[in-house]
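The structure under discussion appears below in the form of C-alpha cells.
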Protein chains: 2
Amino acid sequence: MGRLTGGDPSLLRRINSSVVLRALRGTAEPPALTFTDLVHDTGLSRPTVEGVVDGLIETGLVAETPPEAGVPGDPRRGRPARRFRFRAEAGHVLGVEIGAHRTAAVLADLTGRDAGTATRDVGETDCADVRLEQVRGAIGDVLRRSGVPRDSLRAVGVGSPGIVRADGTVGLSTALPGWTGLPLADRLRRSFRCPVLVENDANAAALAEHWKGAAVGTDDVVFVLAGLSPGAGSLIGGRLHRGFNGAAGEIGALHLLGREARPENLLSTTGEPLPPLDEPAVARVFALARHGDARATEAVDRYVRRLVHDVAALVLALDPELVVVGGWASGLDGVLEPLRRELERHCLRPPRVELSSLGATAVAVGALRLALDHTEEQLFAVEGAAAR
Amino acid sequence: MGRLTGGDPSLLRRINSSVVLRALRGTAEPPALTFTDLVHDTGLSRPTVEGVVDGLIETGLVAETPPEAGVPGDPRRGRPARRFRFRAEAGHVLGVEIGAHRTAAVLADLTGRDAGTATRDVGETDCADVRLEQVRGAIGDVLRRSGVPRDSLRAVGVGSPGIVRADGTVGLSTALPGWTGLPLADRLRRSFRCPVLVENDANAAALAEHWKGAAVGTDDVVFVLAGLSPGAGSLIGGRLHRGFNGAAGEIGALHLLGREARPENLLSTTGEPLPPLDEPAVARVFALARHGDARATEAVDRYVRRLVHDVAALVLALDPELVVVGGWASGLDGVLEPLRRELERHCLRPPRVELSSLGATAVAVGALRLALDHTEEQLFAVEGAAAR
C-alpha cells in the first residue's frame, strides 16, 4: 500500500494500523517482526511504521519482544534490532452454546486459541430465566478458571435453537421453554461490555465444522443437526446462508405436511411418543437396534427414512458439496450409510456425507468463530472490507 | 474517478472508456450528453473525455447526435455544443429457450429493448439434432425479420431443461431425448462468433422474473417451474444460486424417495400414467376439475399436495422472500391458493407466493438477461468489477 493523498488523517492512521497489525498477526510464534520487516511487508514508510507500532503498543495489541541471544543485531547500529509481536492475549472471545440439557462456554484468545471451557447442566423444562442463569454461571466458571478478566472480552457469540432475528431476538423456538420472543442478545448484553451475537445452533455448528471440523476447505456445506426433528445450517461459498427471515434450513417442519407420524413417534418402540429432547431414550433405542431388537430396528428404520427424506430435500434445494451430520452424540454412526446410499440413489448429484468431527462442541465452537469474526472485522477491517 | 498514476496505459484507456460509456448509457432518450456533461459526470479531464469519445465513435458504440433546433449553443463558441449518445443498436443479444414442445428466440439491443421474437414447434420425441435444427431456424427467423445481421450479436443466452455444467454441457436431462451429455454450448457456438451461455431453464426463468416479472425488486426468490416433476431456480441476494454441481433446485427428485405415486400418475384420471410432457392432457384434467369432475378433482388435489410438499422443501431449505410459480400456461391459477394456505400453515416464516407474470416467455427472457449481463460485463467492467 502506498501513501494515500488527502482524506481523513485519523482514518489513514487507522488503516495503517490495521495493515501493520495484520502483518504482525500473520507471523507464527517468535521470531517476531522488526521495523525493517514491517516496512517490507506493508509498503509503508519507516517513520509511519514506527508511529503506528508505538500506537499499537499503547493500545496493548502489540508488544516488543525481548532481544534474543544469538540473533545478530542491526550492523549499522551494533545492537539487536527491536522486534514486535501481536499480543493474542490482549483480548478474548467467548463462544456459548445454549441447549436443552446443557450450556457450554468456550474461551479463546484473539487468534482463536483455546483458553478454557465450562459447561453446566440444565433441565429441558427449565424456564428461560433459569437457563440464562446457568449460561451466566458457565461463563463465570470459565473466566474464573482461566484467570481472564471479563473486560478482556471483545465479543461473545451464542448458538441457540430456533429462528434468530437480526437483532438477536429468538423469533421462534419450539425446543426450549419460554424461548420464543426472548430478546436473547439484549438479556445477555447486560453481563458484558462487548457485543453479543446470537445465531441459530445449526448455523453456528456449520461455521465450526468449516473452521476446524469435517468441512475444512469445503465452502458449500449443509450441516444437519440431527434430532427427532432435524435442523440445518448452510454455507454457500463459505458464507452462512441465513435466509430472508433467518429461517433457512428449518427442514424439520417438512414432516408436518405429510400427515405422517410426528417425530416423537418415529423412534418409539412402545406406541407412546418419546419426549422430543430425551437423548438417553433415543440412545437406548439405537442401542437396542444394534443388538437386533426387532421393534427398535423398525423404529430406527422409520427415523432414518425421515432423516434421509429431510436431508434429500436440503440437498436437492441447495446442491452442496458436502453434508455434515451432527447433533446426537450416539446413534449417528448408524445413519451415515443409509444416508449415503439413499442420496446416491435419488439425488442427481449426490454430495459427500460425513459425520461431524466436532461432536458435542460444534455449536459452542461455531459461536466462538462468530465472535472471532466480529473481532477480526473490528481489528483488521480496512474501510469496511473484512480481512481474513 | 481521478487520474490514475502509473500502470498500463491501454488498461487506463479501457477503464476511462467504460466510465464514459456507462455515463452515456445512463441517459434516457435525447437529449444526449455534451463533453461538459461527461467531464462533470465522470470526473475525467476534458482532453481525456474527448479522446475517449473519439475512440468510442470509432468502435460504433457512441454516435454524435445532430444539433437540436432551439438548444442554446456554447456561448464561448457561438454554436451548439456537440452531443453524444450510446448506440444501443451497435450490438444485439439473443435469448433462446429450448423446450419439449417449442423453441423460442428473443432478440434485443444493448439496452435490452425488445427487437423481435420467433418460435418454432418441436416434438417432445424429437432427437437432439432435429431440436437444434429448429433452434437454429428460430434464430434465423428472428434475425431475418428484424434485419439484424448475425455479426451484430454480442452474446447468446440459452435456457434448457436439465443440469447444465459450467462448460455448457448438459450433465443430465430426463425431459428431452438425447439431451444428457450433449455439449450444447459447443454445438450452438458453431453458428455464432460471440459467446454462447447455457443455463438451466428454471434458473433462466428466475433471472427473467427478477428482471421484469413478478420478482422485480426482490432479491431472495425461488422460481418454481411447475410440471409433473417440478424444478426450481433460486436467487440469493439477487444472484443465481446454481449449487456445487449446477443441480440446485432439482426438487422433482424428492418424490422418488417416498415410494409414492410417480408424477405421471398424480394427474391421471384413468389409472394409466399421463405422458410427462403432455401439457394439453394436463390442461384437460385441470379444466375437468374446474367443472366439478370428481376424478379430476381428486387428481388435481394429489398433484397440488405433491407440489406443495416440493415447494415447502425449497422454502424450508432456502427461506426466500418470494416464491414465483410458472411453467404451465394453464391450470396454475388453481395451485396458488392451496400453496399459500399450506405454506402459511406449515412454514415457520411463509414467503409470498405469486404467479409468474412472464408466463411462457420467462425462460427465453431469462436467457436474454444472461446474454445481456455477459455483454455489459464486457462493455462496462472496470478491472473485473461488473457494473450495472
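The values are calculated or read from the model by the stated rules, or taken from the named source; none is laboratory data. Keep in mind it's a predicted model, so treat the numbers as computed, not measured. Quick reminder, even Gly has a Cβ in these numbers, built from the backbone with ideal geometry, and neighbours come from all protein chains shown. Surface areas here come from the heavy atoms of the whole protein model, side chains and all, with no ligands, DNA or RNA. Shrake-Rupley method; radii C 1.70, N 1.55, O 1.52, S 1.80 Å.
Do we find that B:Val148 is in a loop (DSSP other than H, G, I, E, B), open to solvent by less than 60 Å² (accessible area, probe 1.4 Å) and in contact with a strand residue (DSSP E or B) (Cβ under 6 Å, 6 or more places away or on another chain) in this structure?
So B:Val148 passes the test.
Write out, first by first residue and then by second, each pair whose Cβ atoms fall under 6 Å of each other, whose residues are 6+ apart or on separate chains, and whose first residue, in region B:69-91, is in the same structural domain as B:Gly26 (by TED's automatic domain parsing) while the second is modelled with pLDDT under 65 and part of a loop (DSSP other than H, G, I, E, B).
B:Arg79/B:Gly73; B:Pro80/B:Val71; B:Pro80/B:Gly73
Conditions: (1) in a loop (DSSP other than H, G, I, E, B); (2) touching a residue at least 40 places away in the same chain (Cβ under 8 Å). A:Val96 meets all but one. Number of the miss?
All conditions are met except number (1).
So, in region A:207-225, exactly how many residues are over 26 Å from A:Arg302 (Cα atoms) and more than 12 Å from every other protein chain (Cβ to nearest Cβ)?
Residues flagged as over 26 Å from A:Arg302 (Cα atoms) and more than 12 Å from every other protein chain (Cβ to nearest Cβ) within region A:207-225 amount to 11.
From the residues in region A:103-121 that are open to solvent by 10 Å² or more (accessible area, probe 1.4 Å) and touching a residue at least 24 places away in the same chain (Cβ under 8 Å), which one is nearest to the chain's Cα centre (by Cα)?
The qualifying residue nearest to the chain's Cα centre (by Cα) is A:Val106.
Let's see how each residue does on (1) farther than 13 Å from A:Val311 by Cα; (2) surrounded by 21 or more Cβ atoms within 10 Å (Cβ to Cβ); (3) within 14 Å of chain B (Cβ to nearest Cβ):
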site	(1), (2), (3)
A:Gly334	yes, no, no
A:Pro338	no, no, yes
A:Glu344	no, no, yes
A:Cys347	no, yes, yes
A:Pro351	no, yes, yes
A:Leu355	yes, no, no
A:Gly359	yes, no, no
A:Val365	yes, yes, no
A:Asp373	yes, no, no
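Look through B:Leu307, B:Leu288 and report the one residue that is modelled with pLDDT of 85 or more, aliphatic (A, V, I, L, M) and in contact with a strand residue (DSSP E or B) (Cβ under 9 Å, 6 or more places away or on another chain).
Testing whether each residue is modelled with pLDDT of 85 or more, aliphatic (A, V, I, L, M) and in contact with a strand residue (DSSP E or B) (Cβ under 9 Å, 6 or more places away or on another chain) leaves just B:Leu307.
Taking B:Val198, is it more than 14 Å from every other protein chain (Cβ to nearest Cβ), touching a Ser or Thr at 6+ places or on another chain (Cβ under 8 Å) and either among the aliphatic types (A, V, I, L, M) or without any contact (Cβ under 8 Å) to a residue 60 or more places away in the chain (or both)? Outline the logic, then answer.
Numbers: more than 14 Å from every other protein chain (Cβ to nearest Cβ): yes; touching a Ser or Thr at 6+ places or on another chain (Cβ under 8 Å): yes; either among the aliphatic types (A, V, I, L, M) or without any contact (Cβ under 8 Å) to a residue 60 or more places away in the chain (or both): yes.
Yes.
What number goes with the only condition from (1) at pLDDT 90 or above; (2) open to solvent by 20 Å² or more (accessible area, probe 1.4 Å) that B:Phe84 does not pass?
In the conditions (1) at pLDDT 90 or above; (2) open to solvent by 20 Å² or more (accessible area, probe 1.4 Å), B:Phe84 misses (2) alone.
Which residue is nearest to B:Arg242 (Cα to Cα), if the candidates are limited to region A:226-237 and must be more than 8 Å from every other protein chain (Cβ to nearest Cβ) and modelled with pLDDT of 95 or more?
A:Leu235
When both residues are 6+ apart or on different chains and their Cβ atoms are under 7 Å apart, which pairs have a first residue that lies in region B:142-164 and is closer than 18 Å to B:Arg102 by Cα and within 14 Å of chain A (Cβ to nearest Cβ), and a second that is crowded, with 20+ Cβ neighbours inside 10 Å and acidic (Asp, Glu)?
B:Pro161/B:Asp201
I'd like to verify a number: residues in region A:311-332 that are under 27 Å from A:His291 (Cα atoms) and at pLDDT 90 or above, how many?
Looking only at that region, the number is 4.
So B:Ala175 ticks every box in (1) of a type in the set (Gly, Ala, Ser); (2) touching a Phe, Trp or Tyr at 6+ places or on another chain (Cβ under 9 Å); (3) modelled with pLDDT under 95 but one. Which box is left unticked?
For B:Ala175, the exception is condition (2).
Name every residue in region B:30-59 that is under 19 Å from B:Leu110 (Cβ atoms) and at pLDDT 90 or above, in order of residue number.
Matches in region B:30-59: B:Leu33, B:Leu38, B:Val52, B:Val53, B:Gly55, B:Leu56, B:Ile57, B:Glu58.
When residues of region B:294-308 are filtered for being open to solvent by 10 Å² or more (accessible area, probe 1.4 Å), out of contact with any Gly (no Cβ under 7 Å at 6 or more places or on another chain) and within 17 Å of B:Val335 (Cβ to Cβ), how many remain?
Going through region B:294-308 one residue at a time, the tally reaches 7.
Mind listing whichever residues of region A:314-327 are facing another protein chain (nearest Cβ under 8 Å), on the phi < 0 side of the Ramachandran plot and crowded, with 24+ Cβ neighbours inside 10 Å?
Within region A:314-327, the first condition is being facing another protein chain (nearest Cβ under 8 Å), and the residues that meet it are A:314, A:316-321.
Keeping just the survivors that are on the phi < 0 side of the Ramachandran plot gives A:314, A:316-318, A:320-321.
Answer for region A:314-327, where residues must be facing another protein chain (nearest Cβ under 8 Å), on the phi < 0 side of the Ramachandran plot and crowded, with 24+ Cβ neighbours inside 10 Å: A:Leu314, A:Leu316, A:Ala317, A:Leu318, A:Pro320.
With the condition kept exactly as written, say whether any residue in region A:56-79 is among the basic types (Lys, Arg), open to solvent by 80 Å² or more (accessible area, probe 1.4 Å), over 18 Å from A:Phe192 (Cα atoms) and part of a loop (DSSP other than H, G, I, E, B).
Checked region A:56-79: at least one residue is among the basic types (Lys, Arg), open to solvent by 80 Å² or more (accessible area, probe 1.4 Å), over 18 Å from A:Phe192 (Cα atoms) and part of a loop (DSSP other than H, G, I, E, B).
So which of A:Ala299, A:Ala312, A:Ala371, A:Ala317 ends up being in the same structural domain as A:His101 (by TED's automatic domain parsing) and of a type outside the set (Phe, Trp, Tyr)?
Numbers: A:Ala299 fails: in the same structural domain as A:His101 (by TED's automatic domain parsing); A:Ala312 fails: in the same structural domain as A:His101 (by TED's automatic domain parsing); A:Ala317 fails: in the same structural domain as A:His101 (by TED's automatic domain parsing).
Of A:Ala299, A:Ala312, A:Ala371, A:Ala317, the one residue that is in the same structural domain as A:His101 (by TED's automatic domain parsing) and of a type outside the set (Phe, Trp, Tyr) is A:Ala371.
Tell me, which residue of region B:185-200 that is within 21 Å of B:Leu225 (Cα to Cα) and out of contact with any Pro (no Cβ under 8 Å at 6 or more places or on another chain) is surrounded by the most Cβ atoms within 10 Å (Cβ to Cβ)? Outline the logic, then answer.
Quick first cut of region B:185-200, residues within 21 Å of B:Leu225 (Cα to Cα) only: B:197-200.
Adding the requirement that they be out of contact with any Pro (no Cβ under 8 Å at 6 or more places or on another chain) leaves B:197-199.
On the way: B:Leu197: 20, B:Val198: 30, B:Glu199: 25.
Per the criteria, the residue is B:Val198.
When the residues of region A:208-254 are filtered to those that are over 17 Å from A:Glu97 (Cβ atoms) and among the basic types (Lys, Arg), which remaining residue is surrounded by the fewest Cβ atoms within 10 Å (Cβ to Cβ)?
Checking each candidate, the answer is A:Arg239.
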